[in-house]
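Read the structure below first, then the notes.
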Amino acid sequence: MMNRPFRKFLLPFLFLCFCLFADAQKLSVTGYMQPQWQLGEETADLQVGTDKENDVREMYNRAGIRRGRIKFFYDDGNLASGGFQFNVIDKPGLKGAQVQIKELYLNVKSPLNKASSFQAGIFNRPFSFEVNYSTSELESPERARIITTLLPDECDLGGMFILTPSKGSPLDFITLQGGLFAGNGINPETDSRKDFIGQIVAEKPIGDMHVGLGFSYYNGGVYQTNRNVFTMGDGGFTFNNDVSNEGSYAKREYLGVDAQWYFNSLFGRTQLRGEYLWGTQPGNAFDSESPSRAALPSPEDTYIRPFSGGYVSLIHNIIHTPLSAVLKYEVYDPNTGVSGSDIGSLASFTGVADVMYTTLGAGFCWQMTPALKATLFYEMNRNETSSLLANNDYTKDYASDRKDNVLTVRVQYKF
């Protein structure tokens, strides 16, 4: 299903692409598709197909296309370049496959230093290593839970400067980028507030090793649609319903550090990557997800939570084989101010949105050809529990660990 604004845009854009083919050396077309099959336990959330067909406590499976993307990139060979990427998605909650704009941006290089530039449009946020790591290169099926919750869609609408010293400079391994963004993912802007996102990255090969370090900062806000605001205090939320709250902005602030270490040995190439994020996240009573919507929601209460979390990934390319072994551990605590059996008490105003999750994933990637890759990955998900979160509906019961482990089998074709 293709929305009307996208249809109006697509035809003239494709005509433009056809014209640009006259200078094919300046135009590149890339893409990939990811058919997959998933098997999940009774309360698992699968990424393709429809929701579970019944309420029986048993495993279920779905097959579908996780992603299908194509990207056009044009570089005039001088100062300007631009990219357009769209994505075909098929996931629970949608009525059939849909097409969405993933990226649409213009980049203009500095005439004094072509290593630096200004970029505007819809593109990856300058925050986190995993946000900017190509989806087609991911060794795990998805990005970490904390990344997909805080930074949905990876991309946002905005403008930023990218500052890099000239090649050959003693500091040419450092990149500084930052700018203002709408804060609403790939959806249209819905309020008058702009968020600042900035990042400094250092990458350098050292002999047989490659080392990368990064620091990211996000400072923004989320529009408060009514006057009811809950701010985390000592073991629970403090309620405030001052009339000035409605129409104001709840604090949205993230800090993140990331590190990467790649090295070669007699046993093959090993990669160790990790990130840690912490800060303040506005949400509602039911979840802590960041805005990613086409319009402001109906009036709802705002819950402001301190959060933390991250991941560590270990990838080993087995020598003389096309196989890679993958281990990934991740944690996301949406509310560091409360834990365990204290979650769910009426006096604290806490609930399922404050539950911490951990995931241990393991699997293999098989690079059959440069274009064809198969992934087998199993995720063991664990959640914080509280007897106060017991529910007769097993899909909403958090008194014990939910049965939500997932096995993913995926084939990716990249061109």
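The values are calculated or read from the model by the stated rules, or taken from the named source; none is laboratory data. Worth saying up front: this structure is predicted, and the values here are computed from it rather than measured. Positions of Cβ are generated from backbone atoms using ideal geometry, with glycine treated the same way; all protein chains shown enter the neighbour counts. These area figures cover heavy atoms from the full protein model, side chains too; ligands, DNA and RNA do not enter into them. Shrake-Rupley method; radii C 1.70, N 1.55, O 1.52, S 1.80 Å.
Brief remarks follow.
- Sorting the segments 155-162, 392-399, 380-387, 123-130 by their mean number of nearby beta carbons within 10 angstrom, highest to lowest, gives 123-130, 155-162, 380-387, 392-399.
- With K and R counted +1 and D and E -1, the other residues having a Cβ less than 13 Å from that of F286 yield a net charge of -3.
- Over all other residues within a Cβ to Cβ distance under 11 Å of W37, the charged ones net out to +3, with Lys and Arg as +1 and Asp and Glu as -1.
- The structure-derived value of Rg and Dmax of the Cα atoms in Å appears in the list (i) 22.4, 68; (ii) 21.5, 68; (iii) 22.2, 64 under the label (i).
- For the chain, a Gaussian network of Cα nodes joined below 10 Å ranks A44, A325, A295 by mean-square fluctuation, and the top entry is A295.
- Between V243 and A259, the simple label model (points 7 Å from Cα in the Cβ direction) yields a spacing of 5.3 nm.
- Where the chain is the region considered: accessible area per residue in Å², 1.4 Å probe: 49 Å²
- Förster radius 56 Å - calculated FRET efficiency between A347 and S136, Cβ distance, rounded to 0.05: 0.70
- The long axis of helix 4-20 is offset from the longest Cα principal axis of the chain by roughly 20 degrees.
- Order by protection proxy (mean Cβ within 10 Å, highest first), peptides 307-313, 99-105, 261-267: 307-313, 99-105, 261-267
- Spin-label pair L106/K251, simplified geometry with 7 Å Cα→Cβ offset, distance in nm: 3.8 nm
- Solvent-accessible surface ranking, highest first, for T350, T148 at 1.4 angstrom: T148, T350
- Under 29 Å, Cα to Cα: Lys pairs in region 55-194, sequence gap 8 or more or different chains: 14
- Here's how it looks for G185: its modeled amide H is under 5 Å from those of L157, which are all 5 or more places away or on a different chain.
- Local electrostatic count, W366, Cβ distance below 11 Å [Lys/Arg +1, Asp/Glu -1]: +2
- Between E289 and N219, the distance separating the two model label sites (each 7 Å from Cα on the Cα→Cβ line) works out to 2.9 nm.
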